[in-house]
1. How many residues are closer than 27 Å to N63 by Cα, surrounded by fewer than 19 Cβ atoms within 10 Å (Cβ to Cβ) and touching a Gly at 6+ places or on another chain (Cβ under 6 Å) when one looks only at segment 1-34?
2. I'd like to know if segment 242-250 contains one or more residues that are on the phi > 0 side of the Ramachandran plot and outside any loop (DSSP other than H, G, I, E, B).
3. If I go through segment 69-91 residue by residue, how many of them are open to solvent by 50 Å² or more (accessible area, probe 1.4 Å) and of a type outside the set (K, R)?
4. So which residues in segment 207-248 are loosely packed, with under 13 Cβ neighbours inside 10 Å and either over 20 Å from S67 (Cβ atoms) or basic (K, R) (or both), if there are any at all?
5. Take segment 146-165 and flag every residue that is surrounded by 15 or more Cβ atoms within 10 Å (Cβ to Cβ) and of a type in the set (D, E, K, R).
6. Please find, within segment 111-120, the residue that is nearest to the ligand (Cβ to nearest atom) out of those that are farther than 10 Å from G134 by Cβ and surrounded by fewer than 21 Cβ atoms within 10 Å (Cβ to Cβ).
7. Quick one: is V49 under 17 Å from the mean Cα position of the chain (by Cα) and touching a residue at least 24 places away in the same chain (Cβ under 8 Å)?
8. Limited to segment 194-206, what total is found for residues that are assigned to a helix (DSSP H, G or I) and open to solvent by 70 Å² or more (accessible area, probe 1.4 Å)?
Amino acid sequence: MTCYFYRTIDSTNIEAKKLAEQGEGSGSVVWALEQTAGRGRLGKRWTSVSGKGLYASFIFRLNLEFSEYAKSTLVAGVAVARFLKEELAPAHKRAELTLKWPNDSLVSGKKIAGILAESGAPGNSEFSPYLVVGVGVNVLQKTSDFPLELQQHATSLFLETGKQHRLEPLLARLKEHLCDCMQSFEQGRFLELLAEWRTMDYLFGKKMECVNVKGDVVAGVSLGPDDSGLLHIIDDIGQKHEILSGDLRLAGGLC
Ligand code: BTN
């Protein structure tokens, strides 16, 4: 288990995937103060201002069928939520922290953290499949540190608590929660983790819209994730839709 530290890197996920493909063991982490090409879900950018956020990618090799790896974003979501609740306390009521399927953590509806989980099972490799869990947490940002279009929709630990958190201890505490949740996942306790995830479901019962990669829009009320972690929506005529991926927002253009 090694911690690879960079002052500046393109993306910790890119580096962690390279390392994993060369055989890096489970538990290693790539951490950077700044990313010049931080990546979000669906090809979006993750703004990574130097020293203001936690930008880290954790490598796991899970003792599970590779098909199970698809559930790991929700597992990591529970870990990030446990971590954030500790860091936000006692300033916050637990109810203010929610999870937006599949990968966002929100405080009072504003994004504070995101997860980009990527996996690989290189066919011609001697190494077992890997999972890279990339986590970005807004830590020290003031509102003006976020791009203009995000300023109303993003928050940070500093904005919520007024505290100047130190990044290194945060990294260690986040890692503990991630390792703990991944271990429970390996022990067959996904449904318990999912039950915890559902208690924080931001979209459940709300009218929302999902735009898929082709640009098609599915609108309806969220029924939350099913037992395999896929989101279900029921539309105005009572038809149910299973959402594999896509950009989700509340109806009316809210985040
Ligand atoms: C999202 O909200 O769309 C996911 C954001 C994930 C950002 C983190 S920052 C550390 C790691 N490296 C990346 O390039 N992305 C993830």
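The values are calculated or read from the model by the stated rules, or taken from the named source; none is laboratory data. Because the structure is predicted, anything quoted here is derived from the model rather than measured. No Cβ is skipped: glycine too gets one built from the backbone with ideal geometry, and neighbour counts run over all protein chains shown. For the accessible areas, the whole protein counts, side chains as well, though only heavy atoms, and no ligand, DNA or RNA atoms are used. Shrake-Rupley method; radii C 1.70, N 1.55, O 1.52, S 1.80 Å.
1. Residues that pass the stated criteria total 1.
2. no
3. So the count comes out to 5.
4. V213, K214, G215, D216, V217, D235, D236, I237, G238, Q239, K240
5. Passing the criteria: only E160.
6. Of all residues in segment 111-120, those farther than 10 Å from G134 by Cβ come to 111-113, 119-120.
Subset that is surrounded by fewer than 21 Cβ atoms within 10 Å (Cβ to Cβ): 111, 119-120.
On the way: K111: 7, S119: 14, G120: 15 Å.
The residue in question is K111.
7. no
8. Step one: list which residues in segment 194-206 are assigned to a helix (DSSP H, G or I), which gives 194-198.
Now narrow it down to the ones that are open to solvent by 70 Å² or more (accessible area, probe 1.4 Å): 198.
Residues in segment 194-206 being assigned to a helix (DSSP H, G or I) and open to solvent by 70 Å² or more (accessible area, probe 1.4 Å): 1 in total.
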